[in-house]
Amino acid sequence: SELADHYGTAVVPARVRRPQDKSHAEGSVSYASTWILAALRNETFFSLADAKEAVAEKLEELNGYAFKKREGNRRDAYIHEEKEFMQPLPANPFEPSLWSDQTVLLDYTVTDGLNKYSVPYDLIGESVSVRVTRNTVEVFFHGNRVAVHPREAGRKRDPVVITSHMPENHRQYLTYTKDDFQSWASTVGPNTEKVVRFFLESGKAPEQGFKSCVSLKKYADRYKSERIEEACRQILLFSGDPSIRGIQALLKSPVKKDGKTDPSSIQRTNHRRSRGFTRGAEQFREGGDEK
């Protein structure tokens with residue numbers, strides 16, 4: 001169907017095991033094979049170009065050979081009967097394609113079997129049709145094309161994502177940099193700077209700490225800078241491994257008259273973290289991890 005649409009024609013299939021439905025085509029193929037290939041079967045060619053030249057000469061002879069049951073020949077029939085109905089070839093050659101039905105994943109992507117490609121995020125969980133050619137990946141939803149990507153030849157570590165397909169908060173994530181977080185932390189206080197520096201330097205790459213830095217910045221929308229700074233100061237006193245969860249506990253704890261928070265909240269948090277995933281009767285008697 002795609003091939004017919006590409007060349008602006010229609011396909012009428014023959015019935016199964018009914019060769020008489022296409023006798024004219026089969027007869028012409030047999031006749032041309034006999035006229036050209038059989039005539040050249042004893043010739044020797046030393047290059048493909050020589051063989052093609054010999055076939056072209058025989059084809060011209062075949063087209064000029066007179067019909068037996070009507071006037072004229074194949075060349076005359078083409079010029080006077082068929083040529084005016086011919087259409088120009090499309091600008092691009094036809095590309096075979098593979099279609100598949102897929103459900104859009106939670107990371108708003110589909111796959112060509114090798115790499116992932118993005119679609120608009122509001123299609124998460126929807127069933128879409130994916131058309132894959134040698135150079136292109138297209139995604140259709142209810143017959144409308146919603147995404148198109150140049151197809152990657154090699155395996156890539158990350159999905160191929162178009163920024164406009166991403167939700168707003170994910171777009172913002174792409175704009176974050178290490179310097180931006182450090183610059184913001186310097187406006188809050190030295191302890192906040194230390195915590196942010198820990199988040200950015202504790203992993204193999206600064207990007208691994210971006211999520212914690214973003215969460216800390218969001219707290220600044222709800223709490224005053226002094227409160228953020230005090231929470232960071234206290235968590236550094238009680239833990240050499242500050243976490244955003246511990247800072248959250250401090251921010252939510254009651255504020256004393258001296259403006260400081262209750263340090264027992266961070267101690268409880270660290271106690272739970274140190275227990276890991278230990279389970280058992282003794283652990284529950286000691287007030288172990290919550291499920």
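The values are calculated or read from the model by the stated rules, or taken from the named source; none is laboratory data. All of these numbers come straight from a predicted model, not from anything done at the bench. We place every Cβ from the backbone using ideal geometry, glycine too, and count neighbours over all the protein chains shown. Please note that ligands, DNA and RNA were not included when accessible areas were found on the heavy atoms of the full protein model with its side chains. Shrake-Rupley method; radii C 1.70, N 1.55, O 1.52, S 1.80 Å.
Which of the following values of Rg/Rh (Cα atoms, Kirkwood Rh) was calculated from the structure shown: [x] 1.33; [y] 0.97; [z] 1.14?
Of the listed options [x] 1.33; [y] 0.97; [z] 1.14, [x] comes from this structure.
Would you work out if region 1-157 is rounded, prolate or oblate? Take a ≥ b ≥ c from the square roots of the eigenvalues of the alpha-carbon gyration tensor; rounded if a/c is under 1.5, else prolate when a/b is larger than b/c, oblate otherwise.
Cα axes put region 1-157 in the prolate bin.
Using a 1.4 Å probe over the heavy atoms of the protein chains, calculate the carbon and sulfur portion of the accessible area of the chain as a whole percent.
C and S atoms contribute 52 percent here.
How about Lys178: which aspartates and glutamates have a C-alpha closer than 14 Å to its C-alpha, ignoring those fewer than 8 places off in the same chain?
Glu193, Glu201, Glu207
Hey, what's the chain come to in accessible area per residue, 1.4 Å probe, Å²? It would help to have the intermediate numbers written out before the result.
Numbers: 20540 Å² over 291 residues.
Each residue of the chain exposes 71 Å² on average to a 1.4 Å probe.
For the pair Ser225 and Leu237, how long in nm is the line joining their label points, each one 7 Å along Cα→Cβ?
2.2
Over 26 Å between C-alpha atoms is what I'm after, so list which of Lys194/Lys217; Lys211/Lys252; Lys204/Lys252; Lys116/Lys194 land there. List each step's numbers first, then the result.
Details: Lys194/Lys217 14 Å; Lys211/Lys252 20 Å; Lys204/Lys252 31 Å; Lys116/Lys194 38 Å.
Correct reply: Lys204/Lys252; Lys116/Lys194.
Nearest 10 degrees is fine. How inclined is helix 190-201 to the longest principal axis of the chain, computing both from alpha carbons?
Taking the Cα atoms of the chain, the angle to 190-201 is about 30 degrees.
With every protein chain present, what accessible area does Trp184 have (1.4 Å probe, heavy atoms only), rounded to the nearest 10 Å²?
That residue has around 50 Å² of solvent-accessible surface.
Quick check on region 12-87: take the gyration tensor over C-alpha atoms, sort the square-rooted eigenvalues as a ≥ b ≥ c, and tell me if it's rounded (a/c under 1.5), prolate or oblate.
Details: a/c = 1.91, a/b = 1.32, b/c = 1.44.
Oblate is the answer for region 12-87, as a/c is 1.5 or above yet b/c matches or exceeds a/b.
How would you classify region 151-243 from its alpha-carbon gyration tensor, with a ≥ b ≥ c the square roots of the eigenvalues: rounded for a/c under 1.5, else prolate if a/b is greater than b/c, otherwise oblate?
Numbers: a/c = 3.15, a/b = 1.96, b/c = 1.61.
Prolate shape, in that a/c is at least 1.5 and a/b is the bigger ratio.
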